[in-house]
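Okay, so here's the structure we're looking at.
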Amino acid sequence: MTTDLRRRIDEGPMSRYQWTAIAICIALNVLDGYDVLAMAFTSTSVSDDWDLSTSTLGLLLSAGLFGMALGSLGLAPLADIIGRRKLILACLVLSSTGMLLSSLSQNATQLGLLRVLTGVGIGGILACSNVIGGELASTRWRGLAVSLNSTGYAIGATLGGIAALLLVESFGWRSVFVAGGIGTAALIPLVLVRLPESIDFLLVRQPAGALDTVNAFARRIGQEPIHELPVETTSGSGGSGIISTTRRLFDTQNRRTTLLVWTAFFFTMFGFYFVTSWTPKLLVEAGMSAKEGITGGMVLNLGGILGTFLLGALAARYRLARVLIAYLLVTAGLMTIFVPSAAVFALALTVGFGLGIVVNGCIAGLYALTTTAYAAPIRATGMGWAIGIGRIGAIVSPLIAGALLDADWSPASLYVLMAVLFIAAAGAIMALSSSGRRRVSTEVTSSTAPAAV
């Protein structure tokens, strides 16, 4: 059933406390961008220090993404059982430990294993922070709240690059991981003090002291407390363990949603990581200088900061699914003209900036949409598995792109192939949106029922 408090949060104004908690979620997402780009920017120094082969270096670059996939797939279901906030705190300890120990590693094997450990923690954090960010927001501002979380990646990527440039030259590559570990650890007290537990988790799972915790949150956002927790606390059956919670992604109510969400995440992250990984090199092959190629890659990240914010602002006025579909289709269009535009540097930068806006917005839109696609008892599980499937696409994307280049594919042909994948992702979102509207038209909305997408 829908509790009166949940309805008031959905329909009421946003308080300063809610926005502060969402800002913490954004800070948590910064870890993703920092960690990925920190390894990329220190790779040359690490390789020179240990005289690594190209293949070994490639494994190091993929280790963090592999760990993130493991964390999203393996730890996110635990959040639906013990609580989103508790899992975030545990993962912050894991990630900060991994980053700090990375600075002490003595060979590539040690660093690779610690990169996986750090990635596991970040993967669990991403799933939970995006869910909490969405649940804290009102219906009107939910899309903006979750898309702003994704802005954290672009901010973290920028900070990671700047930190690497400044720290490596003065203190060596190990200092980049020390800074990341200290920054991650600094978020632990902030989460303890200012980030509340998921209200939907408290209303559904009802752990000890849930009513007092819910009412304390209600008072902090200027709402009247509730007198009792809802009687019906579950949606569906099958137990509350990790395996049974994960199985519910494939029950009759969620199977189609899960497959469509996974399809959209895999294709979109496949294309996204192709763009971010290969753009500088492929622009050079298309005729630009090395400096111009790097500049083109940087412009993509700058566009991403604007793109995620713009998507959230549009989602506050229009249906999120429609905004996301538009982003995916525009991304596909810009993909097809990006390489041909390289003949004119100013034009390439303009197209690249636009591509950065929409391709980063696609990721933000998927995160926001997924928080509304699943019921509260399995929301973190659904988000975690979606991110994990997407990370698999991110891992194989550079490998497949490299193989196709070795098979004499042109840069323009690769970008056209990625455009097709974004069109396929748009088709999955169209199907998901259609099934969501049909479901809502035949169901009574409840606090544990999936929201319309």
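The values are calculated or read from the model by the stated rules, or taken from the named source; none is laboratory data. Since we're looking at a predicted model, the values are computed, not measured. With ideal geometry, Cβ positions are generated from the backbone for all residues, glycine too; neighbour counts draw on all protein chains shown. Side chains included, ligands, DNA and RNA excluded: accessible areas come from the protein's heavy atoms. Shrake-Rupley method; radii C 1.70, N 1.55, O 1.52, S 1.80 Å.
Annotations for the structure displayed:
- CD proxy at 222 nm, helix term only [per DSSP H run n ≥ 4: -39500 (n - 2.57); per residue of the chain; nearest 500]: -28000 deg cm²/dmol
- Förster radius 22 Å - calculated FRET efficiency between Ser434 and Asp4, Cβ distance, rounded to 0.05: 0.10
- Sequence-ordered 3J(HN,Hα) estimates for the stretch 391-406 from the Karplus curve with 6.51, -1.76 and 1.60 and θ = phi - 60° stand at 5, 4, x, 5, 6, 7, 4, x, 5, 5, 4, x, 5, 5, 5, 5 Hz, glycine and proline given as x.
- Dipole size of the chain about its Cα centre, with +1 on Lys/Arg Cβ and -1 on Asp/Glu Cβ: approximately 1140 debye, rounded to the nearest 20.
- Here each label is just a point 7 Å from Cα along the line to Cβ, and for Val396 and Leu192 those points are 4.3 nm apart.
- Potential lengthening between Ala208 and Arg256 on full extension [0.36 nm per residue; Cα-Cα distance subtracted]: 13.8 nm
- Model label zone, Ser410; criterion: amide N under 15 Å from point 7 Å along Cα-to-beta-carbon; scope the stretch 317-340: 336-340
- With DNA, RNA and ligands ignored, accessible area of Leu405 (1.4 Å probe; Å², nearest 10): 30 Å²
- Surface accessible to a 1.4 Å probe, per residue, for the residues of the chain, Å²: 39 Å²
- Computed on protein heavy atoms with a 1.4 Å probe, the accessible areas place Ile182, Ile226 in the order Ile182, Ile226, largest first.
- Among Trp173, Pro377, Asn149 - extreme Cα towards positive end, dipole of the chain, charges at beta-carbon: Pro377
- Rounded to the nearest Hz, the phi-derived 3J(HN,Hα) couplings of the stretch 82-94 under the Karplus curve 6.51 cos²θ - 1.76 cosθ + 1.60 (θ = phi - 60°) are 9, x, 5, 5, 4, 5, 4, 4, 5, 6, 5, 4, 4, where x marks glycine and proline.
- Cα-based radius of gyration of the stretch 130-201 once divided by 2.2 N^0.38 Å, which approximates compact folds: 1.43
- Length-normalised contact order for the stretch 1-152 - Cα pairs under 8 Å, 6+ apart - percent: 38 percent
- At q = 0.08, 0.11 Å⁻¹, base-10 log of I(q)/I(0) for the chain (Debye sum, equal scatterers on each alpha carbon): -0.43, -0.82
- Charge dipole (the chain, unit charges on Cβ, about Cα centre) - positive-most of Val344, Ile243, Leu59: Ile243
- Förster-model FRET efficiency, 56 Å R0, Phe171 and Leu347, C-beta, rounded to 0.05: 0.90
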